[in-house]
Amino acid sequence: MTVSDVVVVGAGFAGLSAAHALVGAGLRTIVLEARDRVGGRVLTRVLPDGTQLDLGGQWVGPTQRHMQRLIAEYGLETYPTPEYGRPILDYGGTRPDRRPDEIVALLDRLDDLSRQIFPERPWDHPRAQEWDTLTLAAWLSTQNAPDTAVRYVGRVIAGGLLSCDAGEVSLLDTLFYVTSGGGTTALLDTVGGAQAYRVGSGAQRLAERLAADLPEGTIRLEEPVRRIVHSPTGAHVETDHGVHPARHVIVAIPPSLAGRIDYSPSLPAQRDALTQRMPAGYALKVHAIYAAPFWRDRGLSGLSTSDSGILTETVDNTPPGSPRAVLTAFAYGIDAHALRRHDPAQRRHLVLDRLAELFGEDARAPEDFIEFDWCDEPWTRGCFSAHPTLGTWTAYGPALRPPIGALHWAGTETASTWNGYFDGAVESGLRAAAEIAPDHRH
């Protein structure tokens, strides 16, 4: 039986980046992927008429250096997020032309606090325990801000960034995430921010190019890992199709999935408890497909954020030259839970009602309505990414990245920069590979 130098579990951006670095270091590497495709939480679908949708992650920003490097290496084109008119800020029943001062003040306070956090060690801050047991919602309620501003910031930060509810996420995790991405402006903005560009051929195309660039036979699809028998000197990775012995294993899948693998011996208590306390987010993303981008004719960009209503955000997701227009909407927190309790027809009705309130009656009559719920995906179980529950950073955070014998950990949730994004996934894969082949860092 051939012994690999490294078995990588998962063929998302983290696993593929790790595999590239390891192969480049001359190490015999295989990648085991449970799905029938590569890409992890990216999935590009092209409708019969050529309309392209990114059902999962889709954006890259100018300061995400790993993604910028890969896009340039593979010669892929990008295009800016469309902004052909003014955005809508639905705020307390009004539509101000800019963010009100009270929103800016709250975001500035989050930025100021986030600069005190070391993203590699958020648990080291002197007030870490206090902030790790205080929810973002509770902190916002102490800031002497209007209820509308508190509600709006809670929705766009906890929902739009962390894909959960402001009453679920700790202030410490919020501050870590904000500093990891370079501040609220970089995280929330389109121009110059995290939502600046999309890959012209779809985000999944980059993952496919990375996979195709690996030696033939490196990637094994439809081979979920069930059990890892490990020691300080090696491991045996067991799948439905056989056993793969290796000197090292990189587990590059979301925490909730990593926790479902049977480890023998069991993981140390701190690492095991951490995995149990990092549930996946539960954002819901839907796409309404129209014959034309009617909102542009009304001077609207398709971008919207709201302090209330079933949808927190919308965006014009129409690629250049697309045969039809795409308006994409996001629901978070209790609104995402509420939508999932309805059947598809009622869910569609509720979403289109809200789009009509925002953009006019034409929004009620799309030619297609596409939803793809990552919470239903057995090899994902949620999106955008996972986040520690209250108290988890300070109690278990130090166990997030250190190897355990032959086992190494990757995935965007383990990144200290651009955590939760493609770039964080690539960073994590390169870090895990460097733990094994330290002379090959990017």
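The values are calculated or read from the model by the stated rules, or taken from the named source; none is laboratory data. None of these values were measured; they are calculated from a predicted model. Every residue, glycine among them, receives a Cβ derived from its backbone with ideal geometry; neighbour counts consider all protein chains shown.
For the reader, a short list of remarks on this structure follows.
- Qualifying residue in the stretch 125-134 (condition: crowded, with 18+ Cβ neighbours inside 10 Å, among the polar types (S, T, N, Q) and either assigned to a helix (DSSP H, G or I) or at pLDDT 95 or above (or both)): no
- Flag for Phe422 being under 28 Å from Ala246 (Cβ atoms) and within 20 Å of the chain's Cα centre (by Cα): yes
- The stretch 219-235, residues that are surrounded by fewer than 19 Cβ atoms within 10 Å (Cβ to Cβ) and either touching a helix residue (DSSP H, G or I) at 6+ places or on another chain (Cβ under 8 Å) or not in a loop (DSSP other than H, G, I, E, B) (or both): Arg220, Arg226, Arg227, Val229, Ser231, Gly234
- Residues (crowded, with 19+ Cβ neighbours inside 10 Å and either among the aromatic types (Phe, Trp, Tyr) or outside any helix (DSSP H, G or I) (or both)) located in the stretch 115-124: Ile117, Trp123
- Selection from the stretch 15-57 of residues that are in a helix (DSSP H, G or I) and either at pLDDT below 95 or under 20 Å from Ser201 (Cα atoms) (or both): Leu16, Ser17
- Screening Thr318 against (1) touching a Ser or Thr at 6+ places or on another chain (Cβ under 8 Å); (2) more than 15 Å from Ala365 (Cβ to Cβ); (3) not in a helix (DSSP H, G or I) leaves a single unmet condition, (1).
- Residue match in the stretch 399-406 (condition: assigned to a helix (DSSP H, G or I), buried (at least 24 other Cβ atoms within 10 Å of the Cβ), touching a residue at least 40 places away in the same chain (Cβ under 8 Å) and touching a helix residue (DSSP H, G or I) at 6+ places or on another chain (Cβ under 9 Å)): no
Each row is one residue, and each column tells you yes or no for (1) assigned to a helix (DSSP H, G or I); (2) touching a residue at least 12 places away in the same chain (Cβ under 8 Å); (3) buried (at least 22 other Cβ atoms within 10 Å of the Cβ); (4) not assigned by TED's automatic domain parsing to the domain that holds Gly420.
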residue: Leu161; (1), (2), (3), (4): no, yes, yes, yes
residue: Val178; (1), (2), (3), (4): yes, yes, yes, yes
residue: Glu208; (1), (2), (3), (4): yes, yes, no, no
residue: Leu214; (1), (2), (3), (4): no, yes, no, no
residue: Gly217; (1), (2), (3), (4): no, yes, no, no
residue: Ala246; (1), (2), (3), (4): no, yes, yes, no
residue: Ile250; (1), (2), (3), (4): no, yes, yes, no
residue: Ile253; (1), (2), (3), (4): no, yes, yes, no
residue: Leu257; (1), (2), (3), (4): yes, yes, yes, no
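- Extreme residue, surrounded by the fewest Cβ atoms within 10 Å (Cβ to Cβ), among residues of the stretch 384-398 that are over 12 Å from the mean Cα position of the chain (by Cα) and either outside any loop (DSSP other than H, G, I, E, B) or free of Cβ contacts under 8 Å to residues at least 40 places away in the same chain (or both): Pro398
- In the set (1) surrounded by fewer than 24 Cβ atoms within 10 Å (Cβ to Cβ); (2) more than 26 Å from Gly39 (Cβ to Cβ), Ser304 fails one condition alone, (1).
- Conditions (1) in contact with a strand residue (DSSP E or B) (Cβ under 9 Å, 6 or more places away or on another chain); (2) within 30 Å of Asp132 (Cα to Cα); (3) assigned to a loop (DSSP other than H, G, I, E, B): number failed by Ser266: (1)
- When the criteria are applied in full, Thr142 fails the requirement of being modelled with pLDDT of 95 or more, under 27 Å from Trp374 (Cα atoms) and either over 23 Å from the mean Cα position of the chain (by Cα) or not basic (Lys, Arg) (or both).
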